[in-house]
1. Which residues, counting only those in segment 138-175, are in a strand (DSSP E or B) and either modelled with pLDDT under 95 or more than 10 Å from A187 (Cα to Cα) (or both)?
2. What's the number of the condition R166 fails, among (1) farther than 17 Å from L260 by Cα; (2) in contact (Cβ under 8 Å) with a residue 24 or more places away in the chain; (3) open to solvent by 20 Å² or more (accessible area, probe 1.4 Å)?
3. Mind checking which residues of segment 192-238 are among the small types (G, A, S) and out of contact with any strand residue (DSSP E or B) (no Cβ under 9 Å at 6 or more places or on another chain)?
4. Enumerate the pairs (first residue in segment 1-25 and closer than 26 Å to D134 by Cβ and in contact (Cβ under 8 Å) with a residue 60 or more places away in the chain; second residue anywhere and in a loop (DSSP other than H, G, I, E, B) and open to solvent by 50 Å² or more (accessible area, probe 1.4 Å)) with beta-carbon separation below 7 Å, excluding pairs fewer than 6 apart on the same chain, so at least 6 apart or on different chains.
5. Out of the residues in segment 340-355 that are surrounded by 20 or more Cβ atoms within 10 Å (Cβ to Cβ) and more than 15 Å from the chain's Cα centre (by Cα), state the one that is modelled with the lowest pLDDT.
6. Of all residues being over 24 Å from D173 (Cα atoms) and open to solvent by less than 40 Å² (accessible area, probe 1.4 Å) in segment 260-277, which is farthest from the chain's Cα centre (by Cα)? Just the residue, please.
7. Cβ-Cβ distance below 6 Å, separation of 6 or more or different chains: which pairs start in segment 216-227 with a residue that is within 13 Å of C180 (Cβ to Cβ) and among the aliphatic types (A, V, I, L, M) and end on one that is open to solvent by 20 Å² or more (accessible area, probe 1.4 Å) and outside any loop (DSSP other than H, G, I, E, B)?
8. Tell me yes or no: at least one residue of segment 228-243 is crowded, with 23+ Cβ neighbours inside 10 Å, acidic (D, E) and touching a Ser or Thr at 6+ places or on another chain (Cβ under 8 Å).
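The values are calculated or read from the model by the stated rules, or taken from the named source; none is laboratory data. These numbers were taken from a predicted model, which means no experiment stands behind them. A quick note on method: Cβ atoms are made from the backbone with ideal geometry, for glycine too, and the neighbour counts reach across all protein chains shown. When the accessible area is computed, the model is the full protein with side chains, heavy atoms only, and any ligands, DNA or RNA have been set aside. Shrake-Rupley method; radii C 1.70, N 1.55, O 1.52, S 1.80 Å.
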Amino acid sequence: MQAVLLEEFQEPLTVQDVERPEPEPDGAVAEVIGCGICRSDWHCWQGDWDWFGYRPDPPHVLGHEPTGRVVSVGEDVENVEEGQAVAIPFNFACGTCDLCRNGRENICENHIGLGFMNQAPGAFAEEVHIPNADLNAVPLPDDIDAESAAGMGCRFMTSFHAMAHRAPVSAGDDVVIHGCGGIGLSAVHIANALGGNVIGVDLMDEKLDRAEDLGAVATVNAQEVDDPAKEVRDITDGGADVSADALGIATTCQNAVNSLRKGGTHVQIGLTTSEEEGMVSLPTDEFVAKEIDFKGSLGLQPSRYSEMLDMVESSKLDPTALVEDTVDIHQVPDELAAMSDYNTVGIPVCNEFSN
């Protein structure tokens, strides 16, 4: 089968023939119907995140935002069936550790990152393997087709968990999103659906225009003001109730925290780059004096997908509104290369995987 192969970090990616996966006893294999193309794939290609455990040994298949249709299952699988359309989380869980048993399977003690770790070749391929399929393959409702659901990958579901669970956003909350790429625009859309008054902050007017289309009540171009955080505090008459850094660089993280009012909550969605290597300096005394909460958000528990899917079914959320472009597998390397300049707007999706 064809797949996008990382052969050497920072060197051009290629589409090559690789062996089709076979299901493990507890696993399933799905034909990939759609797979989002994410900045996280770019980070992996660049060789970032070794400090996070997300640095596979080349050659390795990339891609971590798939939906698919099950084509084979292992002998121990009980609930997943051939022919089912499924959403596939990128953070595979074991289902048996204390965290999984307590509803936090998104941060499973035995977490395996799809497309980011040797144990889980990715989904820029005709087929992908899903370990522990009874937990990690999430059946899609009949009225949500798998191709449309490809916009609900890592960026969308992580933003849903961030806004709905980790913040959580309540009706009337002022919410500021710093960085309006795919994950940031997802957060704008979701926070708006939850009743928040959303402010988008970015450097590109095109991304800010998309933020407004998705429900932002105000936007700030960080290049056009001296202090984006002060601008947000002025707009919100004292600061936001919830902030999110959807990019993962020191500037956006610090600006997001400094945008908050007393008692506010910051949710970190973006992972850092090789420049920060996981460490960003923050105004610690402000956390104390203002009683600010700082939280992280990683993926979404399979056990809570139903909340997001219910909002999609009722048209409160529309992941297709985030999809900027659809491409075939041979265009994936160029799409990832374009992310070096941070110019991607919305979510590009690969939906053709063979010649």
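1. V138, P139, D174
2. (1)
3. Passing the criteria: A193, G195.
4. Final answer for the pair search is M1/R20.
5. F353
6. Filtering segment 260-277 down to residues over 24 Å from D173 (Cα atoms) leaves 271-277.
In the following step, the residues that additionally are open to solvent by less than 40 Å² (accessible area, probe 1.4 Å) were identified as 272-273, 276.
Details: T272: 14, T273: 16, E276: 20 Å.
Taking the candidates together, the pick is E276.
7. A218/I235; V220/E231
8. No, every residue in segment 228-243 fails to be crowded, with 23+ Cβ neighbours inside 10 Å, acidic (D, E) and touching a Ser or Thr at 6+ places or on another chain (Cβ under 8 Å).
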